[in-house]
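To start, the structure itself, in structure tokens.
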Amino acid sequence: MARRYFDDWIMGDTLVHEIRRTVTETDNLLFSTMTHNPQPLHLDAEAAKASEFGQILVNGTFTFALMVGLSVGDTTLGVLVANLGYDKLVMPKPVFIGDTLRAETEVVEMKQSRSRPGAGVVTFAHRLLNQRDEVVCQCLRMALIQRTPS
């Protein structure tokens, strides 16, 4: 679905993204260190074992970034002008090393851009689910997308 322009979307469009990802210890370690996040729950197996989770908890910003990344190929690839913002980000369930995650997206709002006649804003509701079909992350993403070229 790459190159799906603003004019190609309709309200309520729902996508189940095909790519799934099993989270590895390396994913979590690299993302946490790359972003200078020293949270022991993400990096210290003994501290994590002593926590209420009993194991390493995957960095939430990795979880969020993965959710958006899994959606890009079907939503904004090749047509994105800019991501305008994210809203209502929640993480209702924890993610652990070894969880396999998948994403779903629904178009919940569309509007023409007033300042850019060649683009429109699509609001996507993204959901990330684990192998037990539990929602582990969700948000709204507002994307400025090119209109179909004339």
### Message
What's the number of the only condition in (1) out of contact with any His (no Cβ under 9 Å at 6 or more places or on another chain); (2) at pLDDT 95 or above; (3) among the small types (G, A, S); (4) not in a strand (DSSP E or B) that S115 fails to meet?
### Response
(2)
### Message
Within the stretch 109-121, does at least one residue satisfy the condition of being under 18 Å from the mean Cα position of the chain (by Cα), open to solvent by 20 Å² or more (accessible area, probe 1.4 Å) and hydrophobic (A, V, I, L, M, F, W, C)?
### Response
no
### Hits in the stretch 106-142 - residues which are within 17 Å of M91 (Cβ to Cβ), touching a residue at least 60 places away in the same chain (Cβ under 8 Å) and β-branched (V, I, T)
V136
### Task
Check whether at least one residue in the stretch 67-80 is under 14 Å from R127 (Cα atoms) and in a strand (DSSP E or B), and report yes or no.
no
### Qualifying residue in the stretch 88-111 (condition: touching a helix residue (DSSP H, G or I) at 6+ places or on another chain (Cβ under 9 Å), basic (K, R) and at pLDDT 95 or above)
yes
### Query
Scanning for something closer than 24 Å to A125 by Cβ, open to solvent by 70 Å² or more (accessible area, probe 1.4 Å) and either hydrophobic (A, V, I, L, M, F, W, C) or part of a loop (DSSP other than H, G, I, E, B) (or both), does the stretch 25-38 turn up at least one residue?
no
### Message
Restricting to the stretch 55-102, and then to whatever is without any contact (Cβ under 8 Å) to a residue 40 or more places away in the chain and within 21 Å of T26 (Cβ to Cβ), can you tell me which residue is least open to solvent (accessible area, probe 1.4 Å)?
### Response
N59
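The values are calculated or read from the model by the stated rules, or taken from the named source; none is laboratory data. Everything quoted here is computed from the prediction, not taken from an experiment. Cβ coordinates were reconstructed from backbone atoms using ideal geometry, including for glycine residues, and neighbour counts include every protein chain displayed. Heavy atoms of the whole protein, side chains included, go into the accessibility calculation; ligands, DNA and RNA do not. Shrake-Rupley method; radii C 1.70, N 1.55, O 1.52, S 1.80 Å.
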